[in-house]
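Presented below is the structure to which this report refers.
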Amino acid sequence: MPLRRFYMQNYNTLSAYWKQKFGTRVWKIPLDAGLDCPNRDGTISVKGCIFCNELGSGTGLDLNCLSLKDQYNLFRDKLLSRHGSIKFAAYLQSFSNTHCSPEKLESILSQLKDLQDLKVLCVGTRPDCLDEEKVRILATFPCDEIWLDLGLQSSCDETLTLINRGHLAQDFSRSCALAASKKILVCAHVIAGLPGETRVHFLQTIDFVNNEPVQGIKFHNLYICKNTTLARWWQSGRYLPQDINDYALWTASAISRLRPDIIIHRLTGDPAPGELLAPRWASGKNSILNSIQRVMTEKNLWQGKQWINPSRL
Ligand code: SF4
């Protein structure tokens, strides 16, 4: 599906794209469907990715026995009172939201039908948790736009093995092709500063994403959370986190290398309250965004400036 460019700064932002498409702001509401992850529940491993803690990027709201509808309405009411008339994207965020039977997936989605002001469905999952049937079920969800938030992190299989992802880059490609066959949009998640990786590796991951049927990307800095393997590596000196200047430079370079039509969903990760060990700058979202923008301005970069267009090779 061809997407137009939505420049707000010198790159495409999701908020500008949605504003243009829907004529109003669209806010993501994070939801917890109570699923687990095959890399944590023993299906393929019990260790998880080296940076993952017991929250699995989740809200934990399912632990409070809130139904998906109640979780959605809780956030919707708060956001409406703060921002007035806006629309929403339901984001199944916690753990791997297609790590279940097709029947269970249908049951989860049926709870999201008919939610008020819902425009978009976003489903976070792993590339090894998708098959044709699940993609077909997702594609039939009644809303204006469906995104798969698909963790890639790195295109280097050696790195994926080192960080215990439990899948390879080719699994990501296979899932992208499945999603494309049903016109589901894909947002690739990538991480800067993975152990053993240089800026060259990171830009190779961007080149890999550019060549897949991907319409969105989330950039994450690798921060260290309590109770993770990465925390032990950091405490023993095996891993040193990036400094903010490196992260800003790597991300600005990646934006410049990114295909011009891809929509940037995020430029930095958001540690949950109390989970961050290091680096301290990871909790300052605004200063990270400002640092990236500063590098882009100083180096006169914009999205796609250094994109390697395969048709010109
Ligand atoms: S895939 Fe996600 S939830 Fe699963 S172990 Fe890795 S980071 Fe955690």
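The values are calculated or read from the model by the stated rules, or taken from the named source; none is laboratory data. Keep in mind that this is a model prediction, so the values were computed, not measured. With ideal geometry, Cβ positions are generated from the backbone for all residues, glycine too; neighbour counts draw on all protein chains shown.
Across the stretch 275-289, what is the total count of residues that are acidic (Asp, Glu) and either part of a helix (DSSP H, G or I) or in contact with a Phe, Trp or Tyr (Cβ under 6 Å, 6 or more places away or on another chain) (or both)? Before you say what the answer is, go through the steps one by one.
The initial filter retains those residues of the stretch 275-289 that are acidic (Asp, Glu), namely 275.
From the residues that got through so far, the ones that are either part of a helix (DSSP H, G or I) or in contact with a Phe, Trp or Tyr (Cβ under 6 Å, 6 or more places away or on another chain) (or both) too are none.
Residues flagged as acidic (Asp, Glu) and either part of a helix (DSSP H, G or I) or in contact with a Phe, Trp or Tyr (Cβ under 6 Å, 6 or more places away or on another chain) (or both) within the stretch 275-289 amount to 0.
Of the residues that make up the stretch 254-265, is at least one more than 30 Å from residue 311 (Cα to Cα) and assigned to a strand (DSSP E or B)?
Applying the first criterion (more than 30 Å from residue 311 (Cα to Cα)) to the stretch 254-265 yields none.
Within the stretch 254-265 (the criterion being more than 30 Å from residue 311 (Cα to Cα) and assigned to a strand (DSSP E or B)), the answer is no, since none of the residues qualifies.
If you scan the stretch 94-122, which residues turn out to be farther than 21 Å from residue 174 by Cα and within 12 Å of the ligand (Cβ to nearest atom)?
94
With the requirement that a residue be of a type in the set (A, V, I, L, M, F, W, C) and free of Cβ contacts under 8 Å to residues at least 60 places away in the same chain, what does the stretch 163-176 give you? Talk me through it step by step, then tell me what you get.
Quick first cut of the stretch 163-176, residues of a type in the set (A, V, I, L, M, F, W, C) only: 163, 168-169, 172, 176.
Result: 168, 169, 172, 176.
Tell me, yes or no, whether the stretch 233-242 has at least one residue that is in contact with a Lys or Arg (Cβ under 7 Å, 6 or more places away or on another chain) and either part of a helix (DSSP H, G or I) or at pLDDT 95 or above (or both).
In the first step, residues of the stretch 233-242 are kept if they are in contact with a Lys or Arg (Cβ under 7 Å, 6 or more places away or on another chain); the result is none.
Within the stretch 233-242 (the criterion being in contact with a Lys or Arg (Cβ under 7 Å, 6 or more places away or on another chain) and either part of a helix (DSSP H, G or I) or at pLDDT 95 or above (or both)), the answer is no, since none of the residues qualifies.
Residue check, residue 101 against (1) more than 21 Å from residue 28 (Cα to Cα); (2) crowded, with 17+ Cβ neighbours inside 10 Å, all met but one. Which one?
With respect to (1) more than 21 Å from residue 28 (Cα to Cα); (2) crowded, with 17+ Cβ neighbours inside 10 Å, residue 101 is out only on (2).
Test residue 120 against the stated conditions and say whether it is touching a residue at least 24 places away in the same chain (Cβ under 8 Å) and within 24 Å of residue 44 (Cβ to Cβ). Before you say what the answer is, go through the steps one by one.
Working: touching a residue at least 24 places away in the same chain (Cβ under 8 Å): yes; within 24 Å of residue 44 (Cβ to Cβ): no.
Here the answer is no, as residue 120 does not meet what is asked.
Please go through the stretch 275-287 and pick out each residue that is closer than 25 Å to residue 233 by Cβ and either surrounded by 13 or more Cβ atoms within 10 Å (Cβ to Cβ) or touching a residue at least 12 places away in the same chain (Cβ under 8 Å) (or both). Write out each step before concluding.
Here is the first cut: in the stretch 275-287, the ones closer than 25 Å to residue 233 by Cβ are 275-285.
Scanning the stretch 275-287 gives 275, 276, 277, 278, 279, 281, 282, 283, 284, 285.
In the set 23, 42, 48, 34, which member is small (Gly, Ala, Ser) and away from the ligand (no atom under 16 Å from the Cβ)? Lay out the reasoning, then the answer.
Values: 42 fails: away from the ligand (no atom under 16 Å from the Cβ); 48 fails: away from the ligand (no atom under 16 Å from the Cβ); 34 fails: away from the ligand (no atom under 16 Å from the Cβ).
Only one candidate qualifies: 23.
Okay, residues lined up against (1) closer than 29 Å to residue 145 by Cβ; (2) among the small types (Gly, Ala, Ser); (3) surrounded by fewer than 16 Cβ atoms within 10 Å (Cβ to Cβ):
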residue: 216; (1), (2), (3): yes, yes, no
residue: 246; (1), (2), (3): no, no, yes
residue: 255; (1), (2), (3): yes, no, no
residue: 269; (1), (2), (3): yes, yes, no
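Restricting attention to the stretch 175-197, which residues are under 17 Å from the mean Cα position of the chain (by Cα) and more than 15 Å from the ligand (Cβ to nearest atom)? Don't jump to the end; show me each part of the working.
First, pick out the residues of the stretch 175-197 that are under 17 Å from the mean Cα position of the chain (by Cα): 175-176, 179, 184-194.
Across the stretch 175-197, the qualifying residues are 176, 179, 184, 185, 186, 192, 193.
So in the stretch 158-174, with the set limited to residues that are of a type outside the set (A, V, I, L, M) and touching a helix residue (DSSP H, G or I) at 6+ places or on another chain (Cβ under 6 Å), which one is nearest to the ligand (Cβ to nearest atom)? Even if it seems obvious, please write down each step before you answer.
Narrowing the stretch 158-174 to residues of a type outside the set (A, V, I, L, M): 158-159, 161, 164-167, 170-174.
Restricting the remaining residues to those that are touching a helix residue (DSSP H, G or I) at 6+ places or on another chain (Cβ under 6 Å) gives 167, 171-172.
Numbers: 167: 9, 171: 12, 172: 12 Å.
By that ranking, first place goes to 167.
In the set 140, 125, which member is within 16 Å of the ligand (Cβ to nearest atom) and either more than 30 Å from residue 221 (Cα to Cα) or crowded, with 17+ Cβ neighbours inside 10 Å (or both)?
Numbers: 140 fails: within 16 Å of the ligand (Cβ to nearest atom).
Criteria check complete, one pass: 125.
Residue 101 - would you say it is in contact (Cβ under 8 Å) with a residue 12 or more places away in the chain and farther than 18 Å from residue 150 by Cβ?
Details: in contact (Cβ under 8 Å) with a residue 12 or more places away in the chain: no; farther than 18 Å from residue 150 by Cβ: yes.
When the stated conditions are applied, residue 101 does not pass them.
Is there a residue being part of a strand (DSSP E or B), of a type in the set (Gly, Ala, Ser) and in contact (Cβ under 8 Å) with a residue 60 or more places away in the chain anywhere in the stretch 190-197?
Step one: filter the stretch 190-197 for residues part of a strand (DSSP E or B), giving 190-192.
Narrowing further to those that are of a type in the set (Gly, Ala, Ser): 192.
Now narrow it down to the ones that are in contact (Cβ under 8 Å) with a residue 60 or more places away in the chain: 192.
Yes, because at least one residue in the stretch 190-197 is part of a strand (DSSP E or B), of a type in the set (Gly, Ala, Ser) and in contact (Cβ under 8 Å) with a residue 60 or more places away in the chain.
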